[in-house]
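Student: This is the structure I have questions about; it appears just below.
The values are calculated or read from the model by the stated rules, or taken from the named source; none is laboratory data. Just so it is clear, the structure is predicted and the values come from calculations on it, not from any experiment. Because the Cβ atoms are built from the backbone with ideal geometry, glycine has one as well, and the counts that use them run over all protein chains shown.
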Amino acid sequence: MVGVDIVDVSRIGEIIMKYGDKFLEKVFTDDEMAYVKKGRRTNESFAGRFAAKEAFMKANGRKLPWKEINVLQDRGRPFIRYRGRDYDDVSISHERAYAVSVVVIDESRKTEGNPEIGKRKSENGNP
């Protein structure tokens, strides 16, 4: 399944200005907030992570709890950690006006009876 989302960076900036930490703490994990706040273009980064969360939900075909979707980086590449599983097929791009994300979930990697798919591999290739 594929999920795509685009976000207006200024809209995220306006929401942050209006609701501040209340919005951030509802949508983003502590890890996400710490990472974004280290950078210079925080509104773009928050918008990119917001788009990734939305794209992940679309790829799953259902609404999911915001803070259970953790958008992280591994050597500069984004991935999503959701309920202990990692999803590597994540792309985020942003510029001053828009942020976009694409998430691909490989249906062939599903396990029977478990809607969750994908698992980050250790350096030796084992899950």
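Student: With (1) of a type outside the set (Val, Ile, Thr); (2) touching a strand residue (DSSP E or B) at 6+ places or on another chain (Cβ under 7 Å); (3) crowded, with 17+ Cβ neighbours inside 10 Å as the list, and Asn43 as the residue in question, which single condition is left unmet?
Tutor: (2) is the only condition that Asn43 fails.
Student: Could you list all residues from segment 100-127 that are part of a strand (DSSP E or B), of a type in the set (A, V, I, L, M) and either touching a Ser or Thr at 6+ places or on another chain (Cβ under 7 Å) or at pLDDT below 95 (or both)?
Tutor: Listed by number, the residues that qualify are Val100, Val102.
Student: Shifting gears a bit: Restricting to segment 9-31, give me the number of residues that are in contact with a strand residue (DSSP E or B) (Cβ under 9 Å, 6 or more places away or on another chain), touching a residue at least 40 places away in the same chain (Cβ under 8 Å) and either under 12 Å from Glu68 (Cα atoms) or not aliphatic (A, V, I, L, M) (or both).
Tutor: 2
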